[in-house]
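The next block holds one structure in the form of structure tokens; read it before the comments.
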Amino acid sequence: MISVARTWPAASIWVAALALACTTARLATPGGEAKLGAEAAAEVEQQVGLVRNPELERYVSAIGERLAHGSGVRSGITYRFSVVDLPEPNAFALPGGYVYVSRGLLALLNSEDELASVLAHEIGHVSARHHLRHSLLAAPLIPVRLATGIGSIATGIVSPTLGQVVGAIGSAPGALTLATHSRGQENEADEIGQKLVAESGWDPRAIAAVMDALSREVELGGRDPSRSTFLDTHPTTPARAKRTLERAGALSVARVAPIARDRRHFYDQLDGLLYGDPASGGVIVKAEFLHPELDVRVAFPDGWRIENGSDAVIAVPESGDAVAVFSIAARSEDPVAVAKQVIHDASLRVDGALDTAAINGLPAARISAESRARGQTFRNRVAWISRGGSVYQIAATCLAKDWERYRAPFDEVVASFRPLRDGDRQRVREARVRIVAAKSGESLAALVERSGSAWSVERAAAANAIASAETALRSGAPVKVARWEVYEAR
């Protein structure tokens, strides 16, 4: 998917290189830790992004700042708390006191106590300087929607990389991983965090509720194993859960009023929160890729698997013996010039002259070409189309022996490129958390059906800490659901 919200190189990308050279020498001094943390935080903001919701930001920061004044917090650090724009439920901290909770995790929390517990746990890692024991720190491996910047793949997605492209479907290249802490470090962060939570007036048992919610989410299955979650980076065990509850029983909770006075007011902070992937980077609807910001649409053959790969939208048939790749090739209005550059750089043997006929009224250039790699001959259909100051590239490739079978489908993909129509825009949707008041005695299953939730009943139960789909709800009880809503530029 290609997004206009940021300024990175092209379509949808798996962020792959936020590796920070966190040497022990740099981290050993307060100045070095602060500098390294600031550098890392700048990378997180640029490469992953923060949720820009002033009210939510103030709320999370208010909780974090109360915790950061606790008796067990290392002095000399100015803590900063942010909501990171990640669909996965996760939280992490960087050297120097930068603490992040993902919007994906917020959607699963059910009380201010739970949010305070997550933030306090991360403060515990920073306060105990656990980052000193890792030679490499990075943010979680998460797919991120890119900006209108220009990709560098114009010369790399044609046939010489067919095997690599097909093989990469479903995988996440790169090494953007969050260091997993040891059991001892997790226990220490739990201990520090629970003490801070109790001193600040929240329930120190809530960290166990967070673990339960995340465990239920993981049990629902269906998530991409390459997309890191809190339980991946903060592994838990039954013994650890037992220890947190035993420790909580020995702590005295300060008499301090919460910021959100009850569950309803806590949920109000989450209302409208984006859940899952943003539509701003484009969506795949059946066999079509629709991008609301760039105002483009391209369709792939029915039955093909379509994914956002590295720097491109990639479609592959079930047989895996062909590939069609859609990307931004250059910031330009001259598709012919871009085409000639790619042909030269990729050493393509073009059939005849460059075809410069328009595609759906848009300036374009296209070729059929042959190329060789690893002793095999490939056939390629490549098109470059100008739209809105960018030249888009569609490159479709198969082995020469399969050309007659794929020529027509390749041509249909090229011919499908066009601006969005009104009906297309109505199909560009994203899920947002909404709060629904239950009717007296209504079951969760009935509420989910009534509200048109994008969540299954099981996911709604996990997200609301409700035992089962048939649990009877009290009148007016607030329940989180996710609703599909037509995308609106913000």
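Observations on the structure shown:
- Residue match in region 118-138 (condition: under 30 Å from ILE328 (Cβ atoms), at pLDDT 50 or above and within 22 Å of the chain's Cα centre (by Cα)): no
- Residue match in region 429-436 (condition: in contact with a Gly (Cβ under 6 Å, 6 or more places away or on another chain) and surrounded by fewer than 17 Cβ atoms within 10 Å (Cβ to Cβ)): no
- Options ASP311, ASP277; residue that is modelled with pLDDT under 90, of a type outside the set (Val, Ile, Thr), outside the structural domain of LEU108 (by TED's automatic domain parsing) and under 30 Å from ALA206 (Cβ atoms): ASP277
- Within region 54-72, the set of residues being polar (S, T, N, Q) and free of Cβ contacts under 8 Å to residues at least 60 places away in the same chain comprises just one member, SER61.
- Only listed residue being of a type in the set (D, E, K, R) and closer than 30 Å to VAL51 by Cα, chosen from ASP424, ASP334, ASP355: ASP424
- Flag if ASP334 is touching a residue at least 24 places away in the same chain (Cβ under 8 Å) and in the same structural domain as SER386 (by TED's automatic domain parsing): yes
Here's the yes/no breakdown for (1) at pLDDT below 90; (2) farther than 16 Å from SER102 by Cα:
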| residue | (1), (2) |
| --- | --- |
| ASP203 | no, yes |
| SER215 | yes, yes |
| LEU220 | yes, yes |
| SER228 | yes, no |
| ASP232 | yes, no |
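The values are calculated or read from the model by the stated rules, or taken from the named source; none is laboratory data. Keep in mind the model is a prediction, meaning the values are calculated, not measured. Here Cβ is always computed from backbone atoms with ideal geometry, including for glycine, and neighbour counts include all displayed protein chains.
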